[in-house]
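The values are calculated or read from the model by the stated rules, or taken from the named source; none is laboratory data. Everything numeric in this text was worked out from a predicted model, so none of it was measured. Heads up, the Cβs are rebuilt from the backbone with ideal geometry, glycines too, and the neighbour counts pull from every protein chain shown.
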Number of protein chains: 2
Amino acid sequence: MTAERSVFYISDGTAITAEVLGHAVMSQFPVTASSFTLPFVENVQRAQAVKAQINAIFQQSGLRPLVFFSIVQPEVREVILQSEGFCQDIVQALVAPLQQELGIPPAPVVHRTHGLTASNLGKYDARIAAIDYTLAHDDGISLRGLDEAQVILLGVSRCGKTPTSLYLAMQFGVRAANYPFIADDMDNLKLPPALKPHQHKLFGLTIDPERLVAIRQERAENTRYASMRQCRLEVGEVEALFRSHQIRYLNSTNYSVEEIATKILDIMGLTRRMY
Amino acid sequence: MTAERSVFYISDGTAITAEVLGHAVMSQFPVTASSFTLPFVENVQRAQAVKAQINAIFQQSGLRPLVFFSIVQPEVREVILQSEGFCQDIVQALVAPLQQELGIPPAPVVHRTHGLTASNLGKYDARIAAIDYTLAHDDGISLRGLDEAQVILLGVSRCGKTPTSLYLAMQFGVRAANYPFIADDMDNLKLPPALKPHQHKLFGLTIDPERLVAIRQERAENTRYASMRQCRLEVGEVEALFRSHQIRYLNSTNYSVEEIATKILDIMGLTRRMY
């Protein structure tokens, strides 16, 4: 084991990519890290303040801070590169080998991965429209306008429908509706008539009853709603419905919302639009 | 200019990181790309199917497809590396130089960047709770429980409050409430008494009237609500309120929801939790 290292994630944009990738890289080493995320380092002045912060840590600890960064403007990146940190440019690390393969030099442009530009404004508006659509069709609020849905998630209360729908809309611009099956439906569980014309867009979410109990207990301790018996009953009935109607479904228990959302896109053959 | 190249983004997880980073790299070259995103390439069988797909394109076009990938299991990655593609491992490209700096070998672990593990389950539940909180406090629905908010966004209708709040909750686990000022408030615009105790958590969003008109016209064409006169009035009044109450605020017009959210965290000094 080595001493704790300071790690910086720096970008002229949101620093989301630098942070995600840097975490993945750091996780490959048995090093304890204390990390700093510094977005919007867009000018020389802010870069100099960052450089001073990096150098101060180096003076104090004697260990070079590790720096994962992505900055397009040469004069701003130069300031970071002149710091005492061990600097890795996450984008450039892949540009150099690619230049060889393509046989052409890069023509750097200011690329705002998570930015808004004239050319992606229409796409961006479509994404905001998808969020609006999903909020208006959350939790079965409205069964009108399902023609416009690209996917309709079904499942019991608290199985992950709402976060998954919102993630689909937010990250991929997918118009996702969702519809809950509630306790009162269980005596004679049927697919609501309004959903039948949209059979091909239906996707089921299920969950292990044990996990469902834990989640529901957080909300409504010691209620029938949160009892093992009720959770088992609901999950069993709903899974049977999915099977009898040949609705594709996924058990969400061990997956994050990112994983559930991307699996749904994959299974349903929906193209992702990245933003 | 060169011919169109096929580009693959491949991962044993969601492939979100591979895609975002790969896009950033590709944008540095004047190349037209037709791209394929292949998540959940977790076993040799699926990897072989991917390899066949890469090789088929190479046979057909005579151009090696470009492959940005991240796969932890050696036997699975080996299959991809044996394809005819020009393969770049987005994580390993940074691991090798870091190994030198740290002077220790990597101890690879299966790292699911967007995955759910026993160790991050508590954090994950907190994130889902943040989404629940934000939905329950969207658009001024409830002014109760604002003690629990980490940030309360203020602004006119359609200036970006809801997408920003949801992004803060979804991506960073931040409990974000939001409150709209509506047309009826404008005659005598005041900060609602319920918000006053939370002054330090208030953050304003504003927007150029021209852009606001365009957004509102989409929803409600030729209404007073969407008129330039009304939009100018509302934005002017609300900005004056922000200034007189010393509420920090941001003009959202030229920023994406990612940028607005990270700027708010940065300005308010809120720590981001990544998921």
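Structure above, values below:
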item	result
Residue tally, condition more than 18 Å from the chain's Cα centre (by Cα), facing chain A (nearest Cβ under 7 Å) and free of Cβ contacts under 8 Å to residues at least 24 places away in the same chain, over the stretch B:5-54	3
Only one of A:ILE90, A:ILE80, A:ILE57, A:ILE104 that is over 26 Å from A:PHE172 (Cα atoms) and within 12 Å of chain B (Cβ to nearest Cβ)	A:ILE104
Yes/no for A:ALA126 being under 20 Å from the mean Cα position of the chain (by Cα) and either under 30 Å from A:PHE36 (Cβ atoms) or more than 7 Å from chain B (Cβ to nearest Cβ) (or both)	yes
Within the stretch A:28-68, tally of residues that are among the aliphatic types (A, V, I, L, M), surrounded by fewer than 19 Cβ atoms within 10 Å (Cβ to Cβ) and part of a helix (DSSP H, G or I)	4
All positions within the stretch A:175-186 that are in contact with a helix residue (DSSP H, G or I) (Cβ under 9 Å, 6 or more places away or on another chain) and modelled with pLDDT under 95	A:ILE182, A:ALA183, A:ASP185, A:MET186
Breaking point among (1) of a type outside the set (Asp, Glu); (2) in contact with a strand residue (DSSP E or B) (Cβ under 9 Å, 6 or more places away or on another chain); (3) more than 8 Å from every other protein chain (Cβ to nearest Cβ), for A:ASN120	(2)
Residue within the stretch A:117-135 that is outside any helix (DSSP H, G or I), outside the structural domain of A:GLN73 (by the TED database) and of a type in the set (D, E, K, R) present	no
Every pair of residues 6+ apart whose Cβ atoms lie under 7 Å, when the first sits in the stretch A:242-257 and is within 17 Å of B:GLY122 (Cβ to Cβ) while the second is of a type in the set (D, E, K, R) and assigned to a loop (DSSP other than H, G, I, E, B)	A:THR253/A:ASP208
Considering residues of the stretch A:258-275 that are within 9 Å of another protein chain (Cβ to nearest Cβ) and either among the β-branched types (Val, Ile, Thr) or in contact with a Phe, Trp or Tyr (Cβ under 6 Å, 6 or more places away or on another chain) (or both) only, the residue nearest to A:ARG127 (Cα to Cα)	A:ARG272
One residue from B:ARG144, B:ARG175 being over 22 Å from A:ALA15 (Cα atoms) and either more than 10 Å from every other protein chain (Cβ to nearest Cβ) or buried (at least 21 other Cβ atoms within 10 Å of the Cβ) (or both)	B:ARG144
Some residue of the stretch A:16-27 being surrounded by 15 or more Cβ atoms within 10 Å (Cβ to Cβ), assigned to a strand (DSSP E or B) and of a type outside the set (Phe, Trp, Tyr)	no
Members of the stretch A:74-103 that are in a helix (DSSP H, G or I), surrounded by 14 or more Cβ atoms within 10 Å (Cβ to Cβ) and small (Gly, Ala, Ser)	A:ALA93
Failed item in (1) more than 10 Å from chain A (Cβ to nearest Cβ); (2) of a type in the set (Ser, Thr, Tyr); (3) touching a Lys or Arg at 6+ places or on another chain (Cβ under 6 Å), with B:THR253 passing the rest	(1)
Contacts under 8 angstrom Cβ, first residue in the stretch B:182-206 being within 12 Å of B:GLU234 (Cα to Cα), partner surrounded by fewer than 12 Cβ atoms within 10 Å (Cβ to Cβ) and not aromatic (Phe, Trp, Tyr), 6 or more apart	B:ALA183/B:ARG224; B:LEU189/B:ALA240
Residues located in the stretch B:76-106, provided they are of a type in the set (A, V, I, L, M) and under 22 Å from B:ILE10 (Cα atoms)	B:VAL76, B:VAL79, B:ILE80, B:LEU81, B:ILE90, B:VAL91, B:ALA93, B:LEU94, B:VAL95, B:ALA96
Boolean, B:LEU191 is touching a Phe, Trp or Tyr at 6+ places or on another chain (Cβ under 9 Å), within 12 Å of B:LEU154 (Cβ to Cβ) and either β-branched (Val, Ile, Thr) or assigned by the TED database to the domain that holds B:THR134 (or both)	no
